[in-house]
Ligand code: BDP
């Protein structure tokens, strides 16, 4: 009797250990360069919460913000390609190094306004870009677009025309088209500087400025180094949430769970946009209060910037003329 009891006990023990192993969650990391409380960081955390909820705890995503995991987005992308990193929220700019078509949706002066961009991203063009990312050999999966406002130059001197940009060294994202944009404006592009190192590079004189939206200019502290914020609004570069096909495969995430991950990501877009709108205003107010000199441009001055960068449409957009036309067509409604 005692023997039978012992055997039953052992079997039960083995079974429960087995069950415990089976329910052990799959843990994956998400890399984010922005600080806690930044709209994309909040959206990443919301994404992680939704994934855990939808997969009933099978998948747990740990969000590493502030660039603590990867301070450079190109490095995060490389890690995803080889399956060392599960997820990242990055700017669309460096993703174009893997999927060049992405440049067609971030050309300078492409959108009339924010609503125009969202009509494109949430329509056929935006979805086809996400599909192209997955279809490319990059091993990246495009999950969702987020807002990032528009990008303007911030410099150590006042500038109101491309002519005055001559001689300035400007940090730009790691993307050939963005590099060319700076060259066409007569300045010198500098790449290879992550968003957390811009401030120190301005302070040490390696660069004379950079370009970004209000919240990045504010939260990275760059406004303390480059006082002039020029309202030239040259690009709208969306943010993108990505997954790594290789990492998901390595972690044995099921196809059904990948579907749930995609759903969860889409559901966080409206959340991010709401947070973005709040933060954009807050950051603008904060830097103005701290003494940033905001330089508005007249319609004529703006046109000079737009004209200077126009050759990019031929140099980088000639293969994507149908996409660009479609975007311009959508723009007629705005
Ligand atoms: C910010 C994006 C961030 C980029 C950064 C940059 O949110 O993802 O890393 O620009 O310029 O607007 O590198």
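The values are calculated or read from the model by the stated rules, or taken from the named source; none is laboratory data. Because the structure is predicted, anything quoted here is derived from the model rather than measured. Neighbour counts are summed over all protein chains in view; Cβ atoms, including those assigned to glycine, are modelled from backbone coordinates with ideal geometry.
Remarks
- Residues of the stretch 41-73 that turn out to be within 16 Å of the ligand (Cβ to nearest atom), in a helix (DSSP H, G or I) and either at pLDDT below 95 or surrounded by fewer than 20 Cβ atoms within 10 Å (Cβ to Cβ) (or both), as a count: 1
- Residue under evaluation residue 93, criteria (1) within 14 Å of the ligand (Cβ to nearest atom); (2) more than 30 Å from residue 307 (Cβ to Cβ), criterion not met: (2)
- Which numbered condition residue 186 misses (of (1) within 20 Å of residue 313 (Cβ to Cβ); (2) buried (at least 19 other Cβ atoms within 10 Å of the Cβ); (3) more than 10 Å from the ligand (Cβ to nearest atom)): (2)
- Of the residues making up the stretch 9-40, those that are buried (at least 20 other Cβ atoms within 10 Å of the Cβ) and either farther than 26 Å from residue 254 by Cα or modelled with pLDDT under 95 (or both) are 33, 34, 38, 39, 40.
- Where a residue in the stretch 223-249 is closer than 30 Å to residue 130 by Cβ and free of Cβ contacts under 8 Å to residues at least 24 places away in the same chain and its partner, wherever it lies, is within 16 Å of the ligand (Cβ to nearest atom) and part of a loop (DSSP other than H, G, I, E, B), with Cβ under 7 Å and at least six apart: none
- Count of the stretch 151-178 residues, restricted to those that are more than 13 Å from the ligand (Cβ to nearest atom) and either touching a strand residue (DSSP E or B) at 6+ places or on another chain (Cβ under 7 Å) or outside any helix (DSSP H, G or I) (or both), is 11.
- Listed by position, the strands (runs of 3 or more DSSP E) inside the stretch 219-334 whose residues that are closer than 22 Å to residue 179 by Cα number at least 3 are 228-235.
- Which numbered condition residue 148 misses (of (1) within 18 Å of residue 272 (Cβ to Cβ); (2) assigned to a loop (DSSP other than H, G, I, E, B); (3) over 17 Å from the mean Cα position of the chain (by Cα)): (3)
- Considering each residue of the stretch 89-96 in turn, none proves to be out of contact with any helix residue (DSSP H, G or I) (no Cβ under 6 Å at 6 or more places or on another chain) and surrounded by fewer than 23 Cβ atoms within 10 Å (Cβ to Cβ).
- Residues considered: 198, 193. Of these, the only one that is outside any helix (DSSP H, G or I), within 16 Å of the ligand (Cβ to nearest atom) and in contact with a helix residue (DSSP H, G or I) (Cβ under 6 Å, 6 or more places away or on another chain) is 193.
- Restricting the first member to the stretch 77-94 and to residues that are more than 21 Å from residue 45 (Cβ to Cβ) and assigned to a loop (DSSP other than H, G, I, E, B), and the second to residues that are more than 15 Å from the ligand (Cβ to nearest atom) and at pLDDT 95 or above, the beta-carbon pairs closer than 6 Å and six or more apart or on different chains are 83/244; 83/246; 83/247; 83/250.
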